[in-house]
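The structure appears below as structure tokens.
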Amino acid sequence: MSLSDPLGDMLTRIRNAQRARHVSCVSPASKLRANVLDALQREGYIRGYSHEEIRKGITQLHIELKYSEGEPVIKEVHRVSRPGRRVYSKIKELPRVRAGLGVSILSTPRGVLSDVEARAANVGGEVLCRVF
């Protein structure tokens, strides 16, 4: 099956699994997806993730979701930059998500970073998604 937006597919899997109160979910593996999950883990939105090889040469990401007092930590997740419309932002023009309560994930020359890390490194880039 071919996907036009693999990152959007992973975010939808996470959103659907949290709404159904699942402990974990799986997604096909890629470097970009793993880097976005690293940023989400650093910011405290997921417990963690691991690579699982299901067949030779084919791996999946097993994502452990995080809950606080029975409620999902991720309330909203939106894909910003899509295959049909790429969205880039200078660091000075990057708006804060929900007045700083949420986080934007950016693809920068220094790797995939949260907006807090990008501001500290003073680099802009492609805005991949927003999480609250």
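Per-atom-type breakdown for the chain gives carbon and sulfur 49% of the accessible area (1.4 Å probe, protein chains only). Relative to the dominant Cα principal axis of the chain, helix 31-42 is inclined by about 80°.
The modelled label-to-label distance for the pair S24/R47, using points 7 Å beyond Cα in the direction of Cβ, is 0.8 nm. Legend: calculated FRET efficiency, A99 to K56, from the Cβ-Cβ distance at R0 = 35 Å, rounded to 0.05, equals 0.15. Between segment 58-132 and segment 1-41, what is the C-alpha centre distance in whole Å? The two parts, judged by their Cα centres, are 13 Å apart.
Can you tell me the length gained on complete extension of the stretch S4 to T108, counting 0.36 nm per residue apart and subtracting the Cα distance? If you can, show how the numbers build up before the last one.
Values: separation 104, 0.36 × 104 = 37.44 nm, distance 2.15 nm.
Between S4 and T108, full extension yields an extra 35.3 nm.
Can you tell me the accessible area per residue over segment 9-63, all protein chains present, probe 1.4 angstrom, in square angstrom? Please list the in-between numbers first.
Numbers: 3120 Å² over 55 residues.
Computed with neighbouring chains in place, this is 57 Å² per residue.
Mean separation of Cα pairs under 8 Å and 6+ residues apart, divided by the residue count of segment 6-131: what relative contact order is that in percent? With pairs under 8 Å counted, the relative contact order is 23 percent. Per-residue extension of 0.36 nm, minus the Cα-Cα distance of K31 and V116, leaves a gain of 28.5 nm for this segment. Just one of [x] 14.6, 45; [y] 16.6, 50; [z] 13.8, 40 is Rg and Dmax of the Cα atoms in Å calculated from these coordinates, so which is it? The value computed from this structure is option [x].
The values are calculated or read from the model by the stated rules, or taken from the named source; none is laboratory data. None of the values given here were measured: they were computed from a predicted structure. Ideal geometry is used to build each Cβ from the backbone, glycine not excepted, and the neighbour counts take in all protein chains shown. Areas reflect the complete protein model, heavy atoms only, side chains present, ligands, DNA and RNA absent. Shrake-Rupley method; radii C 1.70, N 1.55, O 1.52, S 1.80 Å.
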